[in-house]
Protein chains: 2
Amino acid sequence: MQSVTVYLDYLCPFAWRGLELAHVVAPQLGLTLKLRHYSLEQAHHPDKAGLPPQAPSWHLAQQPLEGPRSLRAFLGSHAARQQGQAAHLRFALELFRLRHQDGRELDEEALVEAVGRAGLDLERFMADFEEEESRRLELARDLEAAAQLGVFGTPTFVLPSGDAAYFRFTQLTTEPELALELWELFTAVLHNGAHIETIRRPRITSA
Amino acid sequence: MQSVTVYLDYLCPFAWRGLELAHVVAPQLGLTLKLRHYSLEQAHHPDKAGLPPQAPSWHLAQQPLEGPRSLRAFLGSHAARQQGQAAHLRFALELFRLRHQDGRELDEEALVEAVGRAGLDLERFMADFEEEESRRLELARDLEAAAQLGVFGTPTFVLPSGDAAYFRFTQLTTEPELALELWELFTAVLHNGAHIETIRRPRITSA
């Protein structure tokens, strides 16, 4: 099976839509989804102003658990990953839905609820979560890999061809045919011989 | 005939490729091309740091002719436009090729050569160019229209549907079928029901 890597941040509604899309199309295309993490809080932290994106001066993975809004979700995501790739995907989808459909905070209660909805083993999840230093190391590795790749936002997809791109859309579709059409458009853009680097709408902002 | 508006800057190699593409597909699709201007020198001027893009503190159209690298080309473009839309397009293509194929500066000699290659009336071009205040007013109007639309780079295309986007690719194709395929991919992205806002590859930069 070919694999698509998705860089995501649970805070990001575009990452949520992107993962729902990939989840719908993956079985149709025989793809597996590998989830990795990129942190908007780390990328946009005030301490980073003026520094290149590859040189973060503020490391999310080293912060106290009660500080940043996203750290607990990322560590929970790495805990869920211990139960396998499919369990990780189900957990991520449920946590995204709790955040972006139900407007929930990414707190411990939401993590436990996502574990339950996704059918993961809660006891094992809690034990893995409590191995916090291991989870923090895994998170740091993901954020470093994202920086190496030049990821600047979520979702960023890495296709089996090696092509990678940020893909931002505002209307979620989970209807299989429409989802497939949208995904094929995205991959066709990345595989076109003109080497398309960017398609981006201007955003009209009032002066 | 339906019309596509292209915002361009003669300094920009992506605008050159974009215009060559549009030039190849326009007759196949029964489209006319209307050229307008956006200035990278104005957008990225140091005086603008920290200001919103809609509030330029440095206006290209008010600068001396011998200062910025792009002003003479923009005023020449407005002079060429006085000879009609088709003449304007031919002039723009020739000036882009002189700059980005032949590596020429955008000086008076290059303007005159573009006029010749494009088959425009040189005497009329020079007279229109010398009506410099009118050309500067037209340029200021274009740059203001670009700011209103939220244009942030060139080329930005405005399709007959009203959808607008920046479209950046690195491999020029003028082969009609491949060009049409590339254009149709671009328009399909903008017309897809998911309202795609951005597809953008990460750029790997060494730390």
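Some points to look at:
- Scanning region A:176-207 for residues that are touching a residue at least 24 places away in the same chain (Cβ under 8 Å), of a type outside the set (Gly, Ala, Ser) and under 14 Å from residue B:194 (Cα atoms) gives A:176, A:180, A:182, A:183, A:186.
- The lone exception for residue B:139 - which of (1) more than 19 Å from the chain's Cα centre (by Cα); (2) over 20 Å from residue A:168 (Cα atoms) it fails: (1)
- Pairs, first closer than 26 Å to residue B:83 by Cα and modelled with pLDDT of 80 or more in region B:32-57, second part of a loop (DSSP other than H, G, I, E, B) and not acidic (Asp, Glu), C-beta under 6 Å, six or more apart: B:32/B:1; B:38/B:151; B:38/B:154; B:40/B:11
- The listed residue being away from every other protein chain (no Cβ under 14 Å) and either modelled with pLDDT under 95 or in a loop (DSSP other than H, G, I, E, B) (or both), out of A:137, A:120: A:120
- Every residue from region B:140-158 that is touching a strand residue (DSSP E or B) at 6+ places or on another chain (Cβ under 9 Å), in a helix (DSSP H, G or I) and at the interface with chain A (Cβ under 8 Å from one of its Cβ atoms): B:149
- Residue check, residue A:202 within 10 Å of chain B (Cβ to nearest Cβ), outside any helix (DSSP H, G or I) and under 30 Å from residue B:172 (Cβ atoms): yes
Quick grid of which residues meet (1) surrounded by fewer than 21 Cβ atoms within 10 Å (Cβ to Cβ); (2) touching a Leu at 6+ places or on another chain (Cβ under 6 Å); (3) of a type in the set (Gly, Ala, Ser):
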{"residue": "B:109", "(1), (2), (3)": "yes, no, no"}
{"residue": "B:141", "(1), (2), (3)": "yes, no, no"}
{"residue": "B:145", "(1), (2), (3)": "yes, no, yes"}
{"residue": "B:149", "(1), (2), (3)": "yes, no, no"}
{"residue": "B:166", "(1), (2), (3)": "no, no, no"}
{"residue": "B:177", "(1), (2), (3)": "yes, no, no"}
{"residue": "B:180", "(1), (2), (3)": "yes, no, no"}
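- Within region A:165-199, the set of residues being farther than 18 Å from residue B:168 by Cβ, assigned to a loop (DSSP other than H, G, I, E, B) and within 7 Å of chain B (Cβ to nearest Cβ) comprises A:170, A:171, A:173.
The values are calculated or read from the model by the stated rules, or taken from the named source; none is laboratory data. Model, not experiment: these values are computed from the prediction. Positions of Cβ are backbone-derived with ideal geometry, glycine not excepted, and every protein chain shown enters the neighbour counts.
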